[in-house]
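Trainee: I am attaching a structure below and will ask some questions about it afterwards.
The values are calculated or read from the model by the stated rules, or taken from the named source; none is laboratory data. Model, not experiment: these values are computed from the prediction. All Cβ positions, glycine included, derive from the backbone under ideal geometry; neighbour counts span all protein chains shown.
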Amino acid sequence: MSNMQLDTLRRIVQEINASTSLHESLDIMVKQVAEAMQVDVCSIYLLDERNHRYLLMASKGLNAESVGNVSLHTSEGLVGLVGQREEIVNLDNAPKHERFMYLPETGEEIYNSFLGVPVMYRRKVMGVLVVQNKESQDFSEAAESFLVTLCAQLSGVIAHAHAVGNIDVFRKPNNLPAYKTFQGVSGSGGIALGRAVILYPPADLAAVPDREADDISEELELLDNALNSVRLEIQSLDDKMQDALMAEERALFSVFLRMLDENALPAEIKSEIRDGNWAQGAVRNVIDKHIALFAQMEDDYLRERVSDLKDLGRRILAFLQEADASHREITNESILIGDEISTAALVELPVDKIAAIVTTEGAMNSHMVIVARALGIPTVVGVTELPINTLDDVEMIVDAHQGRVFINPPRRLRTRYKEIQKEEEQLAKDLKQYETKDAVTPDGVAVKLYVNTGLMIDVVRGVQRGAKGVGLYRSEIPFMLRDRFPGEEEQRLIYRQQLSHFANKPVVMRTLDIGADKDLPYFSIEEENSALGWRGIRFTLDHPEIFSSQIRAMLKASIGLNNLHILLPMVTSVSEVEEALYLLDRDWQAVQEEEQVKINKPKIGIMVEVPSVLLQIEEFSELVDFFSVGSNDLTQYLLAVDRNNPRVANVYSHLHPAVLRALARLVQECHNYDKPISICGEMAGDPLSAVLLMAMGFNTLSMSSSNILRVRKAICHVPMTEAQEQLEHVLNMSNPLMVKSWMEYYFKTHGLADMVKASTRIVSA
């Protein structure tokens, strides 16, 4: 593509992004493309799935009256051919093609040249972009590339238009019900009915939700206070930089102050507020409008001022948010929604009041989801089309079993889901009988069920539900809840609580495991590919002072209890373990000398997360006391799937034959070397896979407290001999969906239908 085409492309994309409606975007597209490519006709047809027709939605060159009125069946014409093939059709003599169809109502002459490009979104045809010329000619490869790139941009705009609950591209907005359904990925099962509360990051203009002003005069006052604070801040910066910067370099501060003049930006913002918008939304709209204008300018200098404008907007917003006391309180009916919600942001909220969580980003095994699952909060992630900013205080139903979200649901649907809620409450009551039972199969095989902890609520629920120990204590969570690295004594107190609640039972504490989706607010790790980056033991060995502080705190916390086991995360090579063992031994001896007390040396284990460990069990078994599988990461690395990416969420499955076969071989090898092998990933908490893991011979299954009773019930109903038979069957299968279906069928036919009912139930709207 030439530089001129790239400039044209950039300009068109900017104008589309700045447009206020789909129809405006389409009109911009056809006019700009026709001009840039110097063609006689440019048209866009969108697919109306309800009627199986392509509707002419915008055109430059055809009769304007035909727009919105002319359509073709999906099997008709060259447009239909492009849609059927899902590929480019490039013809120099279109009328001679067997699929050519003349549409006289468009007022078109006979155009010989035809280039049709499908507008695709997630493997689905959304529409067709067509350019035509009277003159017979083959369109060049560069022309094809240009249109394909534009269509890729346009597809997102069309998909969003379809997704927004209050519009439909083929009907007038007023004729539409407000009800809308969205599909995401189930993170933590359950049902919730409630109202949306938007959790948006501070000073992020794009994240500010739409909201009407409760009190216009109050919003105007908040704005005035914020503007005065920003003016003072900028003036202070200007004064501070007088000696450090030249006058021309400080000119930006003067520009900012002029923009904050009452007759400039503030006047526009106040006008928006008087029209009923709240102050934060008004700031966002005005700044966005000016950014769009600047971005379209040909002058490079003015285009570069976009970042300055954004900075000014964020400054105003930050002061507004600081003074905002109107943020809706979290109630028992609050459904938390946001683009991405961090673990730290979640646990800072009253988690016992959150009815459900819905995010546009993330995937089923992100760290936030794991914590939500432990807390028993229904969670749906990867709802990529959810129009977050428009949903403040909107009524919602979250079906986290199916990964479905309903906006403004009709009464019939609400009634049905209330019935399902009652069914689930009854199931929870039925499961309570398993709190006092041991996990023993009908043919007498006992299975140890441990709990994964991080928050005290996990500990309380784990003890209540009869966990035989802690299989994974996520030590990073207390680190996440602070604004700095916690000191040794702070850590000791936290670890002592965990160890004492499970006195006489093993507690496996994982050393600090940050990186990837587990960021510390005060120590952000920015990496292009964080899953393969500086995380787990790689980080702690680079910071031995942090590692030693943690080990010393763990050892001191274990005095008199002697139930501490230490687990090293993200191990890749033998040398890492050797280095960690040296530090552990040094700290163990030092703490004993300091405290003048004999401390039992804790058992040391490594996490099996990186595939290289699978091939080095013999070498590792000479160094460590036990192995623990982190199934979330091991699955991610075996399948080359980013577990936080909703686009490939369907590829991630712990029931994948490669994962099952790898685990089966691992267990056998660990048994050969007489080393205990446990599993602490989310796979252990799924009754379907737990039965298979039991059959493989895992010594311990560790899971979130919310899953203990379900897994215990499954184990109490499935004889070991039958579990081994099922394992033998599934290990010969080639598809994870086949494995899932096979296990679901077994459960349904052996008195465990309630274990799979929730995840397979479809509620029709």
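Trainee: Taking VAL624 as meeting all but one of (1) in contact with a Gly (Cβ under 6 Å, 6 or more places away or on another chain); (2) of a type in the set (Val, Ile, Thr); (3) under 30 Å from GLY184 (Cα atoms), write down the number of the exception.
Mentor: (3)
Trainee: Is it true that SER25 is small (Gly, Ala, Ser) and in contact with a helix residue (DSSP H, G or I) (Cβ under 8 Å, 6 or more places away or on another chain)?
Mentor: For SER25, the condition - small (Gly, Ala, Ser) and in contact with a helix residue (DSSP H, G or I) (Cβ under 8 Å, 6 or more places away or on another chain) - is met.
Trainee: Which residue out of SER217, SER136, SER140 is surrounded by fewer than 18 Cβ atoms within 10 Å (Cβ to Cβ), under 30 Å from ALA323 (Cβ atoms), among the small types (Gly, Ala, Ser) and modelled with pLDDT of 85 or more?
Mentor: Being surrounded by fewer than 18 Cβ atoms within 10 Å (Cβ to Cβ), under 30 Å from ALA323 (Cβ atoms), among the small types (Gly, Ala, Ser) and modelled with pLDDT of 85 or more holds for just one of SER217, SER136, SER140, which is SER217.
Trainee: Just for segment 132-159: of the residues that are part of a loop (DSSP other than H, G, I, E, B) and of a type in the set (Ser, Thr, Tyr), which one is farthest from LEU47 (Cα to Cα)?
Mentor: Of everything passing the filter in segment 132-159, SER136 is farthest from LEU47 (Cα to Cα).
Trainee: For the condition part of a helix (DSSP H, G or I), in contact with an Asp or Glu (Cβ under 9 Å, 6 or more places away or on another chain) and either modelled with pLDDT of 75 or more or not hydroxyl-bearing (Ser, Thr, Tyr) (or both), what is the one hit in MET364, MET368?
Mentor: When all the criteria are applied, what remains is MET368.
Trainee: Would you check if ASN672 is surrounded by fewer than 24 Cβ atoms within 10 Å (Cβ to Cβ) and either closer than 22 Å to GLU722 by Cβ or assigned by TED's automatic domain parsing to the domain that holds ARG510 (or both)?
Mentor: Criteria met by ASN672.
Trainee: Give, as residue ranges, the helices (runs of 4 or more DSSP H) completely inside segment 388-493 that count at least 1 residues that are farther than 20 Å from LEU346 by Cα and touching a residue at least 60 places away in the same chain (Cβ under 8 Å). Spell out the reasoning first.
Mentor: Values: elements: 411-431, 456-464, 476-480.
Result: 411-431, 456-464.
One line per residue, one yes/no per condition, for (1) under 30 Å from VAL383 (Cβ atoms); (2) small (Gly, Ala, Ser):
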residue: GLU65; (1), (2): no, no
residue: LYS96; (1), (2): no, no
residue: VAL119; (1), (2): yes, no
residue: GLN132; (1), (2): no, no
residue: LEU150; (1), (2): yes, no
residue: ALA159; (1), (2): yes, yes
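Trainee: How about segment 41-68: which of its residues are more than 40 Å from the chain's Cα centre (by Cα) and β-branched (Val, Ile, Thr)?
Mentor: Matches in segment 41-68: VAL41 only.
Trainee: Sticking with this one: For VAL597, only one of the following conditions fails: (1) β-branched (Val, Ile, Thr); (2) surrounded by 14 or more Cβ atoms within 10 Å (Cβ to Cβ); (3) over 30 Å from LEU386 (Cβ atoms). What is its number?
Mentor: So VAL597 meets the others, but not (2).
Trainee: Somewhere in segment 559-567, is a residue within 32 Å of the chain's Cα centre (by Cα), part of a loop (DSSP other than H, G, I, E, B), surrounded by 13 or more Cβ atoms within 10 Å (Cβ to Cβ) and not aliphatic (A, V, I, L, M)?
Mentor: Filtering segment 559-567 for residues within 32 Å of the chain's Cα centre (by Cα) gives 566-567.
When the remaining residues are screened for being part of a loop (DSSP other than H, G, I, E, B), the result is none.
No, the conditions are met nowhere in segment 559-567.
Trainee: Additional query: Which condition from (1) closer than 30 Å to ASN650 by Cα; (2) touching a strand residue (DSSP E or B) at 6+ places or on another chain (Cβ under 6 Å); (3) of a type in the set (Ser, Thr, Tyr) is the one that SER59 breaks?
Mentor: Just one mismatch for SER59, condition (1).
Trainee: Determine whether segment 318-341 contains at least one residue that is assigned to a helix (DSSP H, G or I), of a type outside the set (S, T, N, Q) and modelled with pLDDT of 85 or more.
Mentor: Initial filter on segment 318-341 (assigned to a helix (DSSP H, G or I)): 318-323.
Now restrict to residues that are of a type outside the set (S, T, N, Q): 318-320, 322-323.
In the following step, the residues that additionally are modelled with pLDDT of 85 or more were identified as none.
No, there is no match, as no residue in segment 318-341 is assigned to a helix (DSSP H, G or I), of a type outside the set (S, T, N, Q) and modelled with pLDDT of 85 or more.
Trainee: Anything in segment 573-605 that is within 16 Å of ILE537 (Cα to Cα) and of a type in the set (S, T, N, Q)? List them, or say none.
Mentor: SER573, SER575
Trainee: If we only count helices (runs of 4 or more DSSP H) wholly inside segment 683-750, which ones have 3 or more residues that are charged (D, E, K, R), in the same structural domain as HIS671 (by TED's automatic domain parsing) and more than 22 Å from VAL608 (Cβ to Cβ)?
Mentor: 708-717, 720-730, 736-748
Trainee: Report yes if VAL39 is closer than 25 Å to PHE146 by Cα and either touching a Gly at 6+ places or on another chain (Cβ under 6 Å) or modelled with pLDDT under 85 (or both), otherwise no. Spell out how you get there, then give the answer.
Mentor: Values: closer than 25 Å to PHE146 by Cα: yes; either touching a Gly at 6+ places or on another chain (Cβ under 6 Å) or modelled with pLDDT under 85 (or both): no.
For VAL39, the condition - closer than 25 Å to PHE146 by Cα and either touching a Gly at 6+ places or on another chain (Cβ under 6 Å) or modelled with pLDDT under 85 (or both) - is not met.
Trainee: For residues that are basic (Lys, Arg) and assigned to a loop (DSSP other than H, G, I, E, B), scanning just segment 568-604, find the one that is nearest to THR511 (Cα to Cα).
Mentor: Step by step, filter segment 568-604, then rank; the result is LYS601.
Trainee: I'd like the residue in segment 652-667 that is in a helix (DSSP H, G or I) and among the aliphatic types (A, V, I, L, M) and, out of all such residues, is surrounded by the fewest Cβ atoms within 10 Å (Cβ to Cβ).
Mentor: ALA658
Trainee: Right, something else. (1) within 25 Å of ALA36 (Cα to Cα); (2) modelled with pLDDT of 90 or more; (3) not basic (Lys, Arg): which one isn't true of LEU81, the others all being true?
Mentor: For LEU81, the exception is condition (1).
For (1) at pLDDT 95 or above; (2) closer than 25 Å to SER631 by Cα; (3) assigned by TED's automatic domain parsing to the domain that holds LEU472, each residue gets a yes or a no:
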{"site": "ALA531", "(1), (2), (3)": "no, yes, yes"}
{"site": "GLY536", "(1), (2), (3)": "no, yes, yes"}
{"site": "THR540", "(1), (2), (3)": "no, yes, yes"}
{"site": "PRO544", "(1), (2), (3)": "no, no, yes"}
{"site": "LEU564", "(1), (2), (3)": "yes, yes, yes"}
{"site": "VAL571", "(1), (2), (3)": "yes, yes, yes"}
{"site": "ARG586", "(1), (2), (3)": "yes, no, yes"}
{"site": "GLU595", "(1), (2), (3)": "no, no, yes"}
{"site": "ASN600", "(1), (2), (3)": "no, no, yes"}
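Trainee: Now, a different point. Output the number of residues of segment 400-418 satisfying the condition of being over 27 Å from ASP204 (Cα atoms), under 19 Å from the mean Cα position of the chain (by Cα) and crowded, with 21+ Cβ neighbours inside 10 Å.
Mentor: Selection size over segment 400-418: 3.
Trainee: Continuing with the same structure: Only one residue in LEU449, LEU431, LEU472 is under 18 Å from CYS680 (Cβ atoms), at pLDDT 90 or above and over 25 Å from the mean Cα position of the chain (by Cα). Which one? I'd like the intermediate steps shown before the answer.
Mentor: Working: LEU431 fails: under 18 Å from CYS680 (Cβ atoms); LEU472 fails: over 25 Å from the mean Cα position of the chain (by Cα).
Every option except LEU449 fails the conditions.
Trainee: Of the residues MET37, MET57, MET120, which is in the same structural domain as ILE12 (by TED's automatic domain parsing), crowded, with 21+ Cβ neighbours inside 10 Å and hydrophobic (A, V, I, L, M, F, W, C)?
Mentor: Only one candidate passes the filter, namely MET57.
Trainee: Can you tell me which residue is farthest from GLU329 (Cα to Cα) among those in segment 390-399 that are surrounded by 19 or more Cβ atoms within 10 Å (Cβ to Cβ) and at pLDDT below 90?
Mentor: Result: LEU391.
Trainee: For residues in segment 689-708 being surrounded by fewer than 24 Cβ atoms within 10 Å (Cβ to Cβ) and farther than 15 Å from ARG661 by Cα, which is nearest to the chain's Cα centre (by Cα)?
Mentor: Among those that are surrounded by fewer than 24 Cβ atoms within 10 Å (Cβ to Cβ) and farther than 15 Å from ARG661 by Cα, it is SER706.
Trainee: Then there's this: For segment 626-651, name all the residues that are outside any strand (DSSP E or B) and touching a Pro at 6+ places or on another chain (Cβ under 8 Å).
Mentor: GLY630, LEU634, TYR637, LEU638, listed by residue number.
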